[in-house]
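The structure appears below as structure tokens.
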Amino acid sequence: VADQVAPPDGRVFVMSHSLGGQIAMNYALLHPSRVAGLALLSPAPLFVPHRMLRPYWLVHAMTHWHKLIDKTPLRVVWRQILRLLWIAWGFTPRISPDTVAHGQRRLHEVDFWAQRERCARLKQQGTPTLMAWSLNDPMIESELHHQLSQSLPGGPRLVFKDGGHFINKHHAGEIAAAVLEWAALCEMRGQGG
């Protein structure tokens, strides 16, 4: 995607939400000359699984069961059970079983303990990072977001009183304005911050 949307200098701002934060950080580490900055919205925290993923052994076991069951005739029933669990965790009732299945596979790939090293490398690299979260996120504790924000390179920190995990929907205008202002400032400075 970056190849398709990148301006002439080839640098892009990468915005992500939740577990996508880890993907965005990995992209910035693998392609530092391509990333002008990161905007992380309600990103998955560092060091430990957040409250939605506890007990982690159970969530991890579910991902193994998912890999096994998803290849059997029980697939349809299993995906509906997972969907109901995800709705109970705060996701919209409109979430599709296929989206849940993809998310469940993604949970299996998460390495929270590698986050500390990723953050240190991003900080050393100096990748400007905007981060936003809400204090009433039912999935991720505010303290974990705060810890992560302190471990990342400099940039704006947007903390909302409300908006839950999906601040990108509840505070879209405020986030968009902040991201545009920050991106313009990064471009003026030549490399961000």
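The values are calculated or read from the model by the stated rules, or taken from the named source; none is laboratory data. Everything numeric in this text was worked out from a predicted model, so none of it was measured. Methodologically, a virtual Cβ is constructed for each residue, glycine included, from the backbone with ideal geometry; neighbour enumeration extends over all protein chains shown. With ligands, DNA and RNA removed, areas are computed over all heavy atoms of the protein, side chains included. Shrake-Rupley method; radii C 1.70, N 1.55, O 1.52, S 1.80 Å.
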_FRET efficiency for ALA172 and ILE95, using Cβ-Cβ distance with R0 set to 25 Å, rounded to 0.05_ = 0.85
*Where THR72, THR99 fall by accessible area, highest first, once all protein chains stay in place (1.4 Å)*: THR99, THR72
*Solvent-accessible ranking of ASP137, ASP98, largest area first, probe 1.4 Å*: ASP98, ASP137
_Relative contact order for segment 83-193, counting Cα pairs under 8 Å that sit 6 or more residues apart, in percent_ = 25 percent
_Quick check: net charge around PRO32, other residues with Cβ under 11 Å of its Cβ, Lys/Arg +1 and Asp/Glu -1?_
+3
*Relative to the present Cα-Cα distance, how much length would full extension add between GLN80 and ALA184 at 0.36 nm per residue of separation?*
33.0 nm
_How large is the accessible surface of TRP182 in square angstrom, using a 1.4 angstrom probe and rounding to the nearest 10?_
10 Å²
_Using only the heavy atoms of the protein chains and a 1.4 Å probe, how would SER18, SER134 rank by accessible area, largest first?_
SER18, SER134
*What trypsin sites (Lys or Arg not before Pro) does segment 142-181 have in DSSP loop regions with at most 16 other beta carbons within 10 Å?*
LYS161
